[in-house]
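Participant: Structure in structure tokens, see below.
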Amino acid sequence: MSRRIALFILFVFTLLLFTLWTLVKFNDAYNALTKDTQLSAWALAQVEIETLDFTHQGEKYLLSEEETKHDLNLRFDILWSRYDTFLNSDETHDIRTHYNSGNVVEEAFAILQKYEQGVVKGDREQLALLLGEMEDVYPKLRNLLTVNFTGLSSLKNRALIAENRQTVFIDMALIMAVLAFFSIRLYRDSKHQQFITWHDPLTKLKNRTYLLTQLKCLNDSKQKHAIVLLDIRHFKEINDTVSYEYGDRVLCEVAAQIKRKADKFEFSCARVGADHFAVIAGKYSIDFEFFVKSLLNDLNETLSRMDRSKRMRISMGVATCQDAIDNNNPYPTKFDTVLNNADFALNIAKKSHSQQIVFFSKKIASEHRKKRKLADQLANLLASSEQNQLYLTFQPIIPRRSDVLGCEALIRWHHPVYGQINPEYLIQIAEESGIAKDLGRWILLQVRHALAVEWHEFRHRIEVAVNLSDSLFDEELPQLVSEVLGTEPNFLDAVVLEITETMTLDDIERSSNIIKSLEKLNVRLALDDFGTGWSSLYNLNHLSFSKLKIDKSFVKNLSTKPNQTFFISAIVTLSHQLGIKVVAEGIEDASQLRSLMTLGVDEFQGYYFSKPVSQQEFCVFCKEYFTQHPLALDVTQL
Ligand code: C2E
Ligand code: MG
Ligand code: MG
């Protein structure tokens, strides 16, 4: 709650107290006034009663000889002192002035004073005169009481005061009610405001501000903590292809799932971006890894239920404060180090095709730094025309019955520090740093150059297999290929593009369209590494490949595992029925070649014939091949 609102509520509360206090005071004043009126009435009544008593005593004295002077004087003295007190005491000052009673009592007192001596002596004549004059004053005395306290106007005044008191009470109550109403509303608004400050309005989870504050608290209090960052990949596509409402539903469902799980383990969670969530584990233990994995399972289940096209995918980055400390400091120096580490791990997970969860570690961080450095260097090499670190090698592919010699282009990077970089690692770096397309174009250009220049004399008798990395296999591929190879002379029919099953599995229809466009260009496709992935026959049947390459792991185990023979034989039969040629790679000895030839394989690749060699060496190989072995391989000669 902000300071200003708290001050305002304090002010309203004080005002309420003040109003109550005023009411109490007003009530006291009213009661005091009533009491004062009652006292006044009583004093005047006493004057009247004493006057009446003296008159009666006087009349009795006049009528009966038996009445004593003593009784008369006693009444006279009482009346005298009553008048005297009334006219001179301070207590009766207000009565004398407010009700104009002073004059009347003074008039009566003057009569007493006038006949004082006569009454003291018991003189009946003087007494009769006194009573006679008193008779004129007595009605005036009585009037004082009736007019001021029992008369119509006095009753009206009292009713008016009572009515005013009621009105004041009602007004005050109304004011208090209005103040209370506004205070409650203000309190509610401020509570709502506070909710908005710390929560995400859509999912009702805590928000990024909360996450950062919580992390700061944990770090300041030196408490062990861990963070899981989650991202829904391809979430935007749901918004774009289904609807924003449905997108919101997915987010709410995912948020609820995360909250349920986090609550179970007493962790807190937050929505930190459009499709980004976080779990903060304040007290994590060995259970933590189990928590992360089971959360992923739950979310995978939720997403596959809500996204039938299976486009969305959860990626998770996990980091603990343990990974953020160094030797000098037992706790992370900056409160957001753990968050940055989790973000770092999340980015790796998002780029990975196989790993949905990445746990941050110093090793991963240094590996990532190395990859980034290599990616920068690779990008520079691709842009340079005078580099000699990056080059292609070519491994011959010998056909069984054809006068066309094949080869596979294989990338090589001789790094000045690290030596030969593993080609698969190189491709991974290019993919993760977003330069895979540049690398793909560079490879195609090298192939084109080799065909056009180095191998010019064998141009029509050579075909080159080019491996494609994941991001190259998209709708832009036909355009790229025709741009590089479709020029004059046209090398499109000399190229076989190798793709792996994982590239096509995601969306068969899309893959089929890309392959059809390539077919129109006269570019053939080979399915590489068959047998290592899903080995889906559905793929073979629905996507038109020209060749299928049996992975070298099958060739290697050919003599030891009889099952491999059945597998290869079945694949060869099926492929031939579909009009697909079968290539075997990784052939290292004559017995493997023999077996594969017996099984009906069409083309052969492996160290048995040649390791991958340079452009020039391949040219020498071609010369030798076309002069010495122009005809097909003969199994009986092996
Ligand atoms: P791949 O496409 O299956 O290539 C065949 C791999 O098997 C090559 O490894 C080749 O040197 C190796 N090989 C061939 N015959 C034998 C043999 O008899 N014995 C053994 N042990 N190995 C043999 P390399 O060149 O290390 O390439 C590995 C992988 O890297 C390739 O597998 C391919 O997936 C990828 N790669 C290589 N060059 C490129 C490229 O230019 N572009 C893309 N996208 N990927 C490439
Ligand atoms: Mg290949
Ligand atoms: Mg292969």
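Participant: Enumerate the pairs (first residue in segment 535-548 and closer than 10 Å to S512 by Cα; second residue anywhere and surrounded by fewer than 16 Cβ atoms within 10 Å (Cβ to Cβ) and modelled with pLDDT of 75 or more) with beta-carbon separation below 6 Å, excluding pairs fewer than 6 apart on the same chain, so at least 6 apart or on different chains.
Facilitator: Going by the 6 Å Cβ cut-off, the qualifying pairs are H542/I508; L543/S512.
Participant: Right, here's the next one. Go over the candidates L7, L74 one by one and state the one that is of a type in the set (A, V, I, L, M), at pLDDT below 85 and open to solvent by 80 Å² or more (accessible area, probe 1.4 Å).
Facilitator: Working: L74 fails: at pLDDT below 85.
None of the others qualify; the one that does is L7.
Participant: Within segment 426-442, is even one residue among the acidic types (D, E), crowded, with 18+ Cβ neighbours inside 10 Å, closer than 28 Å to K623 by Cα and in contact (Cβ under 8 Å) with a residue 24 or more places away in the chain?
Facilitator: No, because not a single residue in segment 426-442 is among the acidic types (D, E), crowded, with 18+ Cβ neighbours inside 10 Å, closer than 28 Å to K623 by Cα and in contact (Cβ under 8 Å) with a residue 24 or more places away in the chain.
Participant: For W442, are the conditions met, namely being touching a helix residue (DSSP H, G or I) at 6+ places or on another chain (Cβ under 6 Å), part of a strand (DSSP E or B) and away from ligand 3 (no atom under 16 Å from the Cβ)?
Facilitator: It is false that W442 is touching a helix residue (DSSP H, G or I) at 6+ places or on another chain (Cβ under 6 Å), part of a strand (DSSP E or B) and away from ligand 3 (no atom under 16 Å from the Cβ).
Participant: Follow-up. Would you mind stating whether V120 is open to solvent by less than 20 Å² (accessible area, probe 1.4 Å) and touching a helix residue (DSSP H, G or I) at 6+ places or on another chain (Cβ under 9 Å)?
Facilitator: In short, no.
Participant: Considering only segment 568-595, state which residues are closer than 28 Å to S511 by Cβ, within 16 Å of ligand 3 (Cβ to nearest atom) and either not hydroxyl-bearing (S, T, Y) or not assigned by the TED database to the domain that holds S517 (or both).
Facilitator: I568, I571, I580, K581, V582, V583, A584, E585, G586
Participant: Further question on the same structure: Does segment 310-340 hold any residues that are modelled with pLDDT of 85 or more and part of a helix (DSSP H, G or I), and which are they?
Facilitator: Across segment 310-340, the qualifying residues are C321, T337, V338, L339, N340.
Participant: Could you check segment 572-590 and list, in sequence order, the residues that are surrounded by 13 or more Cβ atoms within 10 Å (Cβ to Cβ), within 16 Å of ligand 1 (Cβ to nearest atom) and not in a loop (DSSP other than H, G, I, E, B)?
Facilitator: V582, V583, A584
Participant: Another question, then. Just to be sure before I move on: is N297 assigned by the TED database to the domain that holds S221, modelled with pLDDT under 85 and either open to solvent by 40 Å² or more (accessible area, probe 1.4 Å) or in contact with a strand residue (DSSP E or B) (Cβ under 7 Å, 6 or more places away or on another chain) (or both) in the structure I sent? Steps first, please.
Facilitator: Details: assigned by the TED database to the domain that holds S221: yes; modelled with pLDDT under 85: no; either open to solvent by 40 Å² or more (accessible area, probe 1.4 Å) or in contact with a strand residue (DSSP E or B) (Cβ under 7 Å, 6 or more places away or on another chain) (or both): yes.
No.
Participant: Let me ask something else about it. Working only within segment 394-425, note down all residues that are of a type in the set (D, E), within 16 Å of ligand 3 (Cβ to nearest atom) and either farther than 18 Å from G586 by Cβ or open to solvent by less than 20 Å² (accessible area, probe 1.4 Å) (or both).
Facilitator: Within segment 394-425, E408 is the sole residue that qualifies.
Participant: Oh, and also: Read through the list (1) in contact (Cβ under 8 Å) with a residue 60 or more places away in the chain; (2) within 24 Å of D36 (Cα to Cα), then give the number of the only condition that A128 fails.
Facilitator: (2)
Participant: Can you find even one residue in segment 342-350 that is within 16 Å of D231 (Cβ to Cβ), of a type in the set (K, R), assigned to a helix (DSSP H, G or I) and modelled with pLDDT of 90 or more?
Facilitator: The answer is yes; a qualifying residue exists.
Participant: Right, another one. On the basis of being open to solvent by 50 Å² or more (accessible area, probe 1.4 Å), outside any loop (DSSP other than H, G, I, E, B), away from ligand 3 (no atom under 15 Å from the Cβ) and at pLDDT 95 or above, does E624 make the cut?
Facilitator: On the way: open to solvent by 50 Å² or more (accessible area, probe 1.4 Å): yes; outside any loop (DSSP other than H, G, I, E, B): yes; away from ligand 3 (no atom under 15 Å from the Cβ): yes; at pLDDT 95 or above: no.
In short, no.
Participant: Out of the residues in segment 45-70 that are in a helix (DSSP H, G or I) and of a type in the set (S, T, Y), state the one that is farthest from N143 (Cα to Cα).
Facilitator: Y61
Participant: Further question: May I ask you to say which residue of T500, T487, T504 is within 14 Å of ligand 1 (Cβ to nearest atom) and hydroxyl-bearing (S, T, Y)?
Facilitator: From the options T500, T487, T504, the qualifying one is T500.
Participant: Return a yes/no flag: does segment 544-556 have any residue that is within 12 Å of ligand 1 (Cβ to nearest atom), of a type in the set (G, A, S) and surrounded by fewer than 21 Cβ atoms within 10 Å (Cβ to Cβ).
Facilitator: Within segment 544-556 (the criterion being within 12 Å of ligand 1 (Cβ to nearest atom), of a type in the set (G, A, S) and surrounded by fewer than 21 Cβ atoms within 10 Å (Cβ to Cβ)), the answer is yes, since at least one residue qualifies.
Here's the yes/no breakdown for (1) in contact (Cβ under 8 Å) with a residue 60 or more places away in the chain; (2) under 23 Å from L405 (Cβ atoms); (3) over 48 Å from the mean Cα position of the chain (by Cα):
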position: Q479; (1), (2), (3): no, no, no
position: L492; (1), (2), (3): no, yes, yes
position: L518; (1), (2), (3): no, yes, no
position: G531; (1), (2), (3): no, no, no
position: L558; (1), (2), (3): no, no, yes
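Table: residues versus (1) crowded, with 20+ Cβ neighbours inside 10 Å; (2) more than 46 Å from the chain's Cα centre (by Cα); (3) at pLDDT below 95; (4) assigned to a helix (DSSP H, G or I).
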residue: A450; (1), (2), (3), (4): yes, yes, no, yes
residue: R459; (1), (2), (3), (4): no, yes, yes, yes
residue: V464; (1), (2), (3), (4): yes, yes, no, no
residue: S471; (1), (2), (3), (4): no, no, yes, yes
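The values are calculated or read from the model by the stated rules, or taken from the named source; none is laboratory data. All values reported here derive from a predicted model rather than from experimental measurement. A quick note on method: Cβ atoms are made from the backbone with ideal geometry, for glycine too, and the neighbour counts reach across all protein chains shown. Protein only, heavy atoms only, side chains kept; ligands, DNA and RNA dropped before computing areas. Shrake-Rupley method; radii C 1.70, N 1.55, O 1.52, S 1.80 Å.
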